[in-house]
1. Only residues that are part of a loop (DSSP other than H, G, I, E, B) and of a type in the set (Ser, Thr, Tyr): list them for segment 67-103, please.
2. Taking the conditions exactly as written (farther than 30 Å from Ala126 by Cα and of a type outside the set (A, V, I, L, M)), does Ser65 satisfy them or not?
3. How many residues does segment 104-120 hold that are part of a strand (DSSP E or B) and either within 20 Å of Lys83 (Cβ to Cβ) or among the charged types (D, E, K, R) (or both)?
4. Given (1) farther than 28 Å from Gln128 by Cβ; (2) in a strand (DSSP E or B), identify the lone condition not met by Thr64.
5. Could you please find all residues in segment 103-131 being farther than 22 Å from Ala35 by Cβ and in contact (Cβ under 8 Å) with a residue 60 or more places away in the chain?
6. Name the one entry in Ala92, Ala100, Ala54 that is under 27 Å from Val132 (Cβ atoms) and touching a residue at least 60 places away in the same chain (Cβ under 8 Å).
7. How many residues does segment 10-51 contain that are outside any loop (DSSP other than H, G, I, E, B), in contact with a helix residue (DSSP H, G or I) (Cβ under 8 Å, 6 or more places away or on another chain) and surrounded by 13 or more Cβ atoms within 10 Å (Cβ to Cβ)?
8. Of everything in segment 53-62, what is in contact with a Phe, Trp or Tyr (Cβ under 8 Å, 6 or more places away or on another chain) and surrounded by 11 or more Cβ atoms within 10 Å (Cβ to Cβ)? Give them in sequence order.
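Each reported figure results from applying straightforward, stated rules to the coordinates on display, with no laboratory input. As the structure is a prediction and not an experimental result, all values here were calculated from the model. All Cβ positions, glycine included, derive from the backbone under ideal geometry; neighbour counts span all protein chains shown.
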Amino acid sequence: MDGDEQRRWITIKSGSTGSGNGSVGYTVAPNPNTAARSGTLTVAGQTFTVMQAASSVDLSGTWTSLTQTCKTGKTTKCSLRGKFVVQNGNGADVPKSTLAIYLSNDGTLDSSDTLLHQYGVKKLKAAQSARVP
């Protein structure tokens with residue numbers, strides 16, 4: 001990370017020039033990235049490292065259409081078809097991710113559930129949405 005980028009998220013707010021004891025005040029802007037970052041401050045010839053955790057991912061989804069078709073014979077076989085929209089509710093870009101569709105008898109994801117299908121979801125910019133087939 002170059003100095004210009006660091007200056008955009010680490011800001012010196014107070015401090016005085018000269019020699020002797022003193023204090024330096026600084027602020028750190030929220031990290032909009034899904035990767036941790038670090039930067040440095042140099043005060044009176046001593047370098048201090050500022051480390052900041054990654055932001056969390058905030059994805060939500062909604063079915064825009066969902067239809068069930070069943071065929072009856074010796075057994076009943078049903079299929080579901082639909083479109084799913086994934087929304088990035090975070091203030092930061094989210095890298096490529098995977099949407100996994102499970103069949104569950106209780107609404108809680110656990111080891112007894114059956115994975116039906118997985119779909120790749122493209123990288124989403126802040127507040128962007130994408131339709132999944």
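1. Step one: list which residues in segment 67-103 are part of a loop (DSSP other than H, G, I, E, B), which gives 73-75, 89-93, 95-96.
Scanning segment 67-103 gives a single hit, Thr75.
2. Numbers: farther than 30 Å from Ala126 by Cα: no; of a type outside the set (A, V, I, L, M): yes.
Considered against the rule, which asks whether it is farther than 30 Å from Ala126 by Cα and of a type outside the set (A, V, I, L, M), Ser65 comes out as no.
3. Taking segment 104-120 and keeping what is part of a strand (DSSP E or B), we get 114-120.
Retained after the next criterion (residues that are either within 20 Å of Lys83 (Cβ to Cβ) or among the charged types (D, E, K, R) (or both)): 115-120.
So the answer is 6.
4. With respect to (1) farther than 28 Å from Gln128 by Cβ; (2) in a strand (DSSP E or B), Thr64 is out only on (1).
5. Taking segment 103-131 first, the residues farther than 22 Å from Ala35 by Cβ are 103-119, 129, 131.
Within segment 103-131, Arg131 is the sole residue that qualifies.
6. Working: Ala100 fails: touching a residue at least 60 places away in the same chain (Cβ under 8 Å); Ala54 fails: touching a residue at least 60 places away in the same chain (Cβ under 8 Å).
That would be Ala92, the only listed residue that is under 27 Å from Val132 (Cβ atoms) and touching a residue at least 60 places away in the same chain (Cβ under 8 Å).
7. Going residue by residue through segment 10-51, those that are outside any loop (DSSP other than H, G, I, E, B) are 10-14, 25-28, 37-43, 46-51.
If we keep only those that are in contact with a helix residue (DSSP H, G or I) (Cβ under 8 Å, 6 or more places away or on another chain) too, we end up with 28, 37, 39-40.
Of the ones still in play, those that are also surrounded by 13 or more Cβ atoms within 10 Å (Cβ to Cβ) are 28, 37, 39.
Going through segment 10-51 one residue at a time, the tally reaches 3.
8. Filtering segment 53-62 down to residues in contact with a Phe, Trp or Tyr (Cβ under 8 Å, 6 or more places away or on another chain) leaves 61-62.
Gly61, the sole residue that qualifies.
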